[in-house]
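Colleague: My questions all concern the structure below.
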Amino acid sequence: MLGFSLFSVLACGSAGDRADGGVTNASYFEGIYQLTAANENLTGCATPGDSKLSQLREQFFVITASEVFGQKFVVLNSCSSVGDCQAKQAAQRSGQTYTIEYTFTLSSTVNATTLSGFEAGTGFGQGTQCVERSYADHVLIVAADHSVHLESRTKKLADQPQHDGFCEVEPQKSKQEAANKECSSFESLDGKFLQAN
């Protein structure tokens, strides 16, 4: 599954995790797209890996601007058609629940054509430990023809003890912990712009 973790902190953190208070050019990325490529390498990040396009049920995605507590960001959510994209976007904006096959959150503007974000995963409890913890960096680039390319690089983090029986995550600490780790897996997707939101 591309880019979705059940227990994660998606692009939330301190001011040091983002630039200029979040995404400042969301309108340039917003829209409905048709998925044209999707690759995954589960053994490293040196190459894009195998195509996963035919395995994904949802062959479209929608990019939508959001804001929480003054933090501006954009969310890329999968959908099965233009109509489904519109319905999921409406659900997202109204705070209703919806299902997705893959999702990515971008929380910072790098430059006019590039956004970045991250996902810090808690892992899950096994005995007294939290196992399969992870930290992923995302980059989303928009081209002159309004097509987009997303890359996500994940690093595995060491097991750690649970806190009062729960697995918790502190994004800044996860980011620091990931800094010296080798990239363990790579995901990418490409989308052709279909229409504005």
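The values are calculated or read from the model by the stated rules, or taken from the named source; none is laboratory data. Because the structure is a prediction, the values reported are computed rather than measured. Methodologically, a virtual Cβ is constructed for each residue, glycine included, from the backbone with ideal geometry; neighbour enumeration extends over all protein chains shown.
Colleague: Residues being surrounded by fewer than 19 Cβ atoms within 10 Å (Cβ to Cβ) and under 25 Å from V110 (Cβ atoms): count how many of those fall in the stretch 55-66.
Modeller: 2
Colleague: Please determine whether any residue of the stretch 100-109 is β-branched (V, I, T) and free of Cβ contacts under 8 Å to residues at least 60 places away in the same chain.
Modeller: No - not one qualifying residue is present in the stretch 100-109.
Colleague: Quickly run through the stretch 161-197 and pick out the residues that are touching a helix residue (DSSP H, G or I) at 6+ places or on another chain (Cβ under 9 Å) and of a type outside the set (A, V, I, L, M, F, W, C).
Modeller: Listed by number, the residues that qualify are P171, Q172, K175, Q195, N197.
Colleague: Restricting attention to the stretch 71-99, which residues are out of contact with any Phe, Trp or Tyr (no Cβ under 7 Å at 6 or more places or on another chain), polar (S, T, N, Q) and free of Cβ contacts under 8 Å to residues at least 24 places away in the same chain?
Modeller: S94, Q96, T97, T99
Colleague: Residue pairs, Cβ under 7 Å, 6 or more apart or interchain, first in the stretch 177-189 and over 14 Å from E119 (Cβ atoms), second at pLDDT below 90 and hydrophobic (A, V, I, L, M, F, W, C). List them.
Modeller: What qualifies is L189/L2.
Colleague: State yes or no: is S27 within 16 Å of the chain's Cα centre (by Cα), modelled with pLDDT under 95 and of a type in the set (S, T, N, Q)?
Modeller: Spelling it out, it is not the case that S27 is within 16 Å of the chain's Cα centre (by Cα), modelled with pLDDT under 95 and of a type in the set (S, T, N, Q).
Colleague: Let me ask something additional. With F166, F104, F118 as the choices, which residue is out of contact with any strand residue (DSSP E or B) (no Cβ under 6 Å at 6 or more places or on another chain) and of a type in the set (F, W, Y)?
Modeller: Being out of contact with any strand residue (DSSP E or B) (no Cβ under 6 Å at 6 or more places or on another chain) and of a type in the set (F, W, Y) holds for just one of F166, F104, F118, which is F166.
Colleague: Quick one: in the stretch 67-79, which of the residues that are farther than 22 Å from L35 by Cα and in contact with a strand residue (DSSP E or B) (Cβ under 9 Å, 6 or more places away or on another chain) is surrounded by the fewest Cβ atoms within 10 Å (Cβ to Cβ)?
Modeller: G70
Colleague: Restricting attention to the stretch 112-128, and to residues there that are under 18 Å from the mean Cα position of the chain (by Cα) and in a strand (DSSP E or B), which single residue is surrounded by the fewest Cβ atoms within 10 Å (Cβ to Cβ)?
Modeller: Looking at the filtered set, the residue picked out is T114.
Colleague: Quick one: count up the residues across the stretch 37-54 that are surrounded by 14 or more Cβ atoms within 10 Å (Cβ to Cβ) and out of contact with any helix residue (DSSP H, G or I) (no Cβ under 7 Å at 6 or more places or on another chain).
Modeller: Qualifying residue count for the region: 8.
Colleague: Hey, among S188, S147, S184, S152, which residue is modelled with pLDDT of 90 or more and either loosely packed, with under 14 Cβ neighbours inside 10 Å or more than 19 Å from V75 (Cα to Cα) (or both)?
Modeller: Only one candidate passes the filter, namely S184.
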